[in-house]
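The values are calculated or read from the model by the stated rules, or taken from the named source; none is laboratory data. Model, not experiment: these values are computed from the prediction. Quick reminder, even Gly has a Cβ in these numbers, built from the backbone with ideal geometry, and neighbours come from all protein chains shown. All accessible areas refer to the heavy atoms of the entire protein, side chains included, with ligands and DNA or RNA removed. Shrake-Rupley method; radii C 1.70, N 1.55, O 1.52, S 1.80 Å.
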Amino acid sequence: MIAPARIAAYDTVLAVAAGRADLPTALAHARTKLRDERDRALAGEIATGTLRWQGAFDHVIEAFSGRPSARLDPEILTILRISMFQLLHLDRVPASAVVDDAVEMAGKAGKRSASGFVNALLRRVSRERGELPLPDAPPLDFLAITLSHPRWLAERWLARHGFDAASAWARFDNAPAALTLRANTLRTSRAALARELADLGVETEDTRFAPHGLIVTSGNPLLTPLAHSGRFFVHDEASQLVGEFVGARPGERILDACASPGGKTTQMAAAMDGRGTIVAADVRGRRIDLLARTVAESGAPHVHVVQANARAQPPFGDVFDAVLVDAPCSGLGTIRRDPDVRWRRGESDLAALADAQREMLAQLSSVVRPGGRIVYSTCSSEPEENEAVAAAFLDAYPSFHRAGPPLLWDRPELAALLDADGALKTLPFRDGLEGFYAAILVRSDSSA
């Protein structure tokens, strides 16, 4: 009998490879068939790890089989990929069990004629695991093949940052992402939350940069009675910094234009101490439902959830003190947490994404009051979506200008995260954080 976790991982990776779903969606669907929490965890580890190392696995498959991986049946290629991850990266899984299950899976997938090929290739991988044909040089081959990143992206990082930084970035992406929480200060404090979690067997440490964050070091807070209590939210540290960068203050009127799932909305509401107004918008009905649930769980008052398209004329006047435009982007700064992004995105995607981001800024500039600010942010690593978008907006709208960060950023460790223009820019190889960008763009006060 094939281990249930392997079947779930196979279904997940196959769905992602076929373009039917992204990793979180495919994995959530596959996990519905698993009752044991250990199986659910193992399925996630296999699927996520397989997608991280897919480039290296495909290179070995091609070297050992003598044929391009694209010529293999998708089912067989997926079986080989998930099996190689287990053989090479999970020492607690017996190699014989991995190979036997792979052969059986080939038969169940209707590819029994490929069973011998699967058996032979995986046994060779197991035998030669210490000397696989993965290049140490030249630098681009090492990044693209051995460290399993798209060649076009590795080439860009190499050109901008040099080999040492680019390889450190790629290694960061290939390491498992820690579970990071944000204490909801409307209900508790970081220190109090840490004590409550410790009493439930969950150990944490403070985040280095974000003032309300905790990194889980052991245990699972999502399996405790505190889960869904509104006392904490799962929230990446770099993303928390974007919420802090807005500098939300009590009494302000703020528009969160691309708000779902609601992490930054509830973070800003907490910073405002329940005083003021937040309009939290998103365009799709399903994301609106998720956003509304997050806001309700947080207990944040005066948050109004609305369905609106950030690329269309907004139904507001120039009434907002701040507008957060956390724009849909390539996601190339979050490859560690979302490893499928590296294979789903291409260099040709960047221009269309930047066009949409510029359009959002143009539309939303009309709802900022004189003296108010737009905070433009992405989770992209690429300048076309970051600095270039901000610069193009400022060229087109001379009534706006750049501004420095909020007072919190006078801390030296936070000041080190700013670029020459005063924008927030986290770099994985330098900061140990995923790659985010945020710029503050202030509308000139017409009374000045």
Checklist line | ³J(HN,Hα) computed for each position of segment 247-262 - Karplus, 6.51 cos²θ - 1.76 cosθ + 1.60, integer Hz, glycine/proline x | finding: x, 4, 10, x, x, 7, 10, 10, 10, 9, 7, 10, 8, 5, x, x
Notebook entry, point to check: For the chain, which whole-number percentage of the solvent-accessible area (1.4 Å probe, protein heavy atoms only) is attributable to carbon and sulfur atoms?
Noted result: 51
Checklist line | J(HN,Hα) series, segment 195-212, from Karplus relation 6.51 cos²θ - 1.76 cosθ + 1.60, nearest Hz, glycine and proline x | finding: 5, 4, 5, 4, 5, 9, x, 10, 9, 9, 9, 5, 5, 6, 10, 6, x, 10
Notebook entry, point to check: So who's got an amide H within less than 5 Å of the one on residue 371, skipping anything under 5 residues away but keeping other chains? H placed 1.01 Å off N, in plane.
Noted result: 443, 444, 445, 446
Check: Where does the charge balance sit around residue 298 when Lys and Arg score +1, Asp and Glu -1, over other residues with C-beta under 11 Å from its C-beta?
Finding: +3
Checklist line | Net charge over other residues, Cβ less than 15 angstrom from the Cβ of residue 195 (K, R count +1; D, E count -1) | finding: -2
Next item on the list: Report relative contact order for segment 330-448 in percent, whole number only (criteria: Cα-Cα under 8 Å, sequence separation at least 6).
Entry: 33
Check: Alpha carbon centre of segment 372-430 versus segment 76-141: separation in Å?
Finding: 44
Margin query: Rounded, prolate or oblate for segment 244-318? Axes are the square roots of the Cα gyration tensor eigenvalues, ordered a ≥ b ≥ c, and the cut-off for rounded is a/c under 1.5.
Written below: oblate
Notebook entry, point to check: In terms of the Cα gyration tensor, with a ≥ b ≥ c the square roots of its eigenvalues, is the chain rounded because a/c is under 1.5, prolate because a/b exceeds b/c, or oblate?
Noted result: prolate
Margin query: To make sure I understand the rule: partners must be lysines, Cα under 25 Å from the Cα of residue 425, and not fewer than 8 residues away in the same chain. Which ones qualify?
Written below: 264
Item checked: Global geometry of segment 159-307, whether rounded, prolate or oblate, following the gyration tensor of its Cα atoms and the 1.5 cut on a/c -> oblate
Note to self: Could you compute the net charge surrounding residue 231? Neighbours are other residues with a C-beta less than 15 Å from the C-beta of residue 231; K and R count +1, D and E count -1.
What the structure shows: +1
Margin query: Below 8 Å between Cα atoms, with a sequence gap of 6+, how large is the relative contact order for the chain in percent?
Written below: 11
Note to self: Explain nothing, just compute: Karplus ³J(HN,Hα) = 6.51 cos²θ - 1.76 cosθ + 1.60, θ = phi - 60°, for every residue of segment 273-286 in order, whole Hz, x for Gly and Pro.
What the structure shows: 6, x, 10, x, 9, 10, 9, 10, 10, 7, 9, 9, x, 5
Notebook entry, point to check: Using the heavy atoms of the protein chains alone and a 1.4 angstrom probe, what is the accessible area of the chain per residue in square angstrom?
Noted result: 42
Notebook entry, point to check: Setting aside same-chain residues fewer than 8 positions from residue 33, which lysines have a Cα under 22 Å from its Cα?
Noted result: 108
Note to self: Could you work out [θ]222 nm for the chain from helices alone, using -39500 (n - 2.57) per DSSP H run of at least four and dividing by all its residues? Round to the nearest 500 deg cm²/dmol.
What the structure shows: -13500 deg cm²/dmol
Next item on the list: Report, to the nearest 10°, how far helix 4-17 tilts away from the longest principal axis of the Cα atoms in the chain, using its own Cα long axis and a range of 0 to 90°.
Entry: 60
